[in-house]
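The values are calculated or read from the model by the stated rules, or taken from the named source; none is laboratory data. It should be emphasised that the depicted structure is a prediction, and the values quoted were computed from it without experimental measurement. Every residue, glycine as well, gets a Cβ built from its backbone with ideal geometry; the counts of neighbours run over all protein chains shown. When the accessible area is computed, the model is the full protein with side chains, heavy atoms only, and any ligands, DNA or RNA have been set aside. Shrake-Rupley method; radii C 1.70, N 1.55, O 1.52, S 1.80 Å.
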Amino acid sequence: MSSIPKDRSHKGNLKNPEALDRPKASNKESVAEVERSHNGDLKNLEAPESVAEVGKFDFLKALERPRPLNIERQRSCDERTMSELSIGISPRQLTAKAENCSRLGDHLDHLNSPLPKSGLNTPRSATFDSHSIASEAWDALRRSLVYFRGQPVGTIAALDNSDEKLNYDQVFVRDFVPSALAFLMNGEPDIVKNFILKTLRLQSWEKKIDRFQLAEGVMPASFKVFHDPVRNHETLIADFGESAIGRVAPVDSGFWWIILLRAYTKSTGDSSLAELPECQKGMRLILSLCLSEGFDTFPTLLCADGCCMIDRRMGVYGYPIEIQALFFMALRCALQLLKQDAEGKEFMERILKRLHALSYHMRSYFWLDLKQLNDVYRFKTEEYSHTAVNKFNVIPDSLPDWIFDFMPHHGGYFLGNVSPARMDFRWFCLGNCIAILSCMATTEQSTAIMDLIESRWEELVGDMPVKVCYPALESHEWRLITGCDPKNTRWSYHNGGSWPVLLWLLVAASIKTGRPQIARRALQVAETKLSKDSWPEYYDGTLGRYVGKQARKFQTWSIAGYLAARMMMDDPSHLGLVALEEDKLLKPLLKRSNSWTF
């Protein structure tokens with residue numbers, strides 16, 4: 001969730017609490033009315049007929065109708081396990097299911113994959129009492145809840161009070177996503193609805209940084225609840241980047257908000273929230289920002305360092321893969337959420353045009369496998385005209401030495417960044433996993449990404465899932481690119497650190513590609529250390545063996561990321577909250593080669 005993992009890039013007192021307590025008059029009454037009239041009907045997800053069919057299971061269709069409450073036919077033990085592990089189960093009930101769930105994990109290893117596999121095998125790890133760990137995680141997650149005027153509106157970034165709080169006592173949009181997913185999977189959608197409405201109100205308020213006004217559609221990076229003991233009154237105080245260490249607005253917050261709105265709609269079957277005029281307007285404002293026309297010749301979004309999970313200077317300026325993948329997914333989610341009125345149809349047309357261009361650009365120019373690597377290795381430079389092969393004028397001598405040994409025979413990934421005369425060859429976990437979940441990656445590319453993870457398990461997963469990026473910047477390169485950042489030293493924090501929150505993304509991508517053995521092994525690796533180490537924010541070292549030197553303990557998104565991963569593994573139908581099916585309208589057209597003759 002971008003960054004703002006929290007040193008978090010926002011520090012200092014936020015201003016104007018009283019002003020932020022007053023939403024615009026046009027929004028006040030309707031939003032308040034919706035908050036009072038919550039539709040309590042909850043539609044459960046429909047589980048697949050049997051565990052063995054999960055690999056070819058249509059996850060999105062399972063969310064379109066409620067699971068039958070009474071199933072009269074006789075079911076096998078494994079079918080009962082799948083059904084009983086659905087949304088409504090409480091943390092306490094999970095402990096009683098531990099034995100059955102271990103058998104479910106055995107069956108998941110033999111799922112029929114909808115994708116071709118490389119033949120690589122991931123060995124098993126030791127077995128742990130995962131549901132006792134889950135129960136502990138739920139207790140910690142509930143302690144992190146933040147209340148505003150009696151209602152839960154989010155989760156605090158971390159419960160660790162051993163050091164200066166900085167902004168870890170705030171609710172971050174990106175950080176709340178795994179918490180929201182865990183609550184939705186557990187049949188508790190109210191907190192997610194409250195969060196969506198409160199951040200929507202914050203979006204509508206005026207936001208200025210050093211006398212410069214931000215665009216109307218910018219979503220906050222975070223907010224906190226301010227309690228006035230004299231007046232016995234609570235107000236929300238938002239940070240749009242004016243308190244960030246680098247003073248950078250969060251580009252990813254708006255995308256996560258749209259993705260979360262879709263997850264809520266899919267989980268509950270309640271479309272009334274998304275259809276609110278305020279929610280429709282909020283989506284349109286976000287889309288207006290990223291669909292605007294300008295000087296850029298690429299369909300990707302130009303972004304500054306620090307605008308996403310990588311919230312410090314880490315050389316991601318330009319077109320970072322994380323933002324492009326989230327942009328792609330948010331556009332596809334918006335297509336499902338926008339109403340078919342005049343304004344909605346206009347945005348749908350703009351979205352479809354952008355998605356066609358964006359999918360072609362990302363699949364063609366950001367993708368790297370052994371063949372592509374060899375092509376770059378043999379690039380000619382200073383090419384001109386439409387026939388140029390080296391379209392970005394990348395100098396082959398800029399290829400880093402590590403890439404030749406890192407690239408397996410079977411495997412590939414989306415590059416960290418592509419722009420004129422530059423390819424960032426680093427591997428970034430979040431962007432590649434979102435590429436799979438959003439179908440920005442083709443079926444073949446999704447398979448190759450998972451092949452790479454299996455082939456390079458020690459480098460990318462190691463002793464704690466998962467590396468935020470690989471490899472780390474060192475020596476002169478670290479000084480030049482990070483500006484000698486003492487927090488981003490090699491193999492620490494965002495410079496090659498291991499972040500437990502990314503576990504839910506890896507598990508979701510593994511299930512979607514029919515590779516549950518990857519998810520299972522990663523979960524077991526995490527379960528050996530997370531609870532014992534008090535749920536750290538991140539780990540250091542080439543293998544992620546050491547608790548991060550500045551990592552907060554009881555980091556909420558580490559806790560929630562584990563819970564979301566475990567619940568998806570226990571009931572793969574939950575995957576539909578965060579995974580999209582391939583859109584036939586976006587499939588590349590097959591064209592004849594210019595050399596074709598009759």
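Structure data summary
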{"quantity": "Percent of Cα-Cα distances greater than 28 Å, calculated over region 344-487", "calculated": "26"}
{"quantity": "Computed Kirkwood radius, in angstrom, where 1/r is averaged over Cα pairs of region 208-347", "calculated": "16.6"}
{"quantity": "Long pairs among 193/281; 281/353; 266/339; 208/266; 266/467; 467/549, criterion Cα-Cα beyond 25 Å", "calculated": "208/266; 266/467"}
{"quantity": "Ranking by accessible area, most exposed first, for 482, 442 with a 1.4 Å probe", "calculated": "442, 482"}
{"quantity": "Neighbourhood net charge (12 Å Cβ-Cβ; Lys/Arg +1, Asp/Glu -1) for residue 219", "calculated": "+1"}
{"quantity": "With DNA, RNA and ligands ignored, accessible area of residue 271 (1.4 Å probe; Å², nearest 10)", "calculated": "50"}
{"quantity": "Descending principal axes extents, region 526-581, alpha-carbon based, whole Å", "calculated": "39, 20, 18"}
{"quantity": "Area of residue 380 that stays accessible when all protein chains are in place (1.4 Å probe, Å², to 10)", "calculated": "150"}
{"quantity": "Segment residue 230-residue 129, extension gain: residue separation times 0.36 nm, minus the distance between their alpha carbons", "calculated": "31.5 nm"}
{"quantity": "Whole-Hz couplings from phi, Karplus 6.51/-1.76/1.60, listed for region 306-318; x for Gly and Pro", "calculated": "x, 9, 9, 4, 6, 9, 10, 5, 9, x, 9, 4, x"}
{"quantity": "Area of residue 366 that stays accessible when all protein chains are in place (1.4 Å probe, Å², to 10)", "calculated": "0"}
{"quantity": "For region 268-339: accessible area per residue (Å², 1.4 Å)", "calculated": "32"}
{"quantity": "Region 433-527 pair-distance distribution - Cα-Cα, 10 Å bins, rounded %", "calculated": "17, 43, 28, 13, 0"}
{"quantity": "If the convex hull is drawn through the Cα atoms of region 382-444, its volume per residue in Å³", "calculated": "122"}
{"quantity": "Local electrostatic count at residue 173 - Lys and Arg +1, Asp and Glu -1, tallied over other residues with Cβ under 11 Å", "calculated": "-1"}
{"quantity": "Cα Rg, Dmax, region 286-397, angstrom units", "calculated": "16.6, 53"}
{"quantity": "Region 478-518-region 318-341 distance, computed between alpha-carbon centres (Å)", "calculated": "22"}
{"quantity": "Largest-first principal axis extents, alpha carbons of region 353-414, Å", "calculated": "38, 27, 15"}
{"quantity": "Spread of Cα-to-Cα distances over 5 Å intervals beginning at zero, given as percent, for region 514-555", "calculated": "6, 22, 26, 22, 13, 8, 3, 0"}
{"quantity": "Region 452-598: translational diffusion in µm²/s, Stokes-Einstein, Kirkwood Rh over Cα pairs, 10 °C, 1.306 mPa s", "calculated": "94"}
{"quantity": "Convex hull projection area averaged over all views, region 290-336, Cα basis, nm²", "calculated": "3.6"}
{"quantity": "Protein-only accessible surface order, largest first, of 174, 284 at 1.4 Å", "calculated": "284, 174"}
{"quantity": "Largest-first ordering by accessible area, 1.4 Å probe, given options 365, 147, 538", "calculated": "147, 365, 538"}
{"quantity": "Accessible carbon and sulfur surface of region 330-460 relative to its total accessible area, %, 1.4 Å", "calculated": "51"}
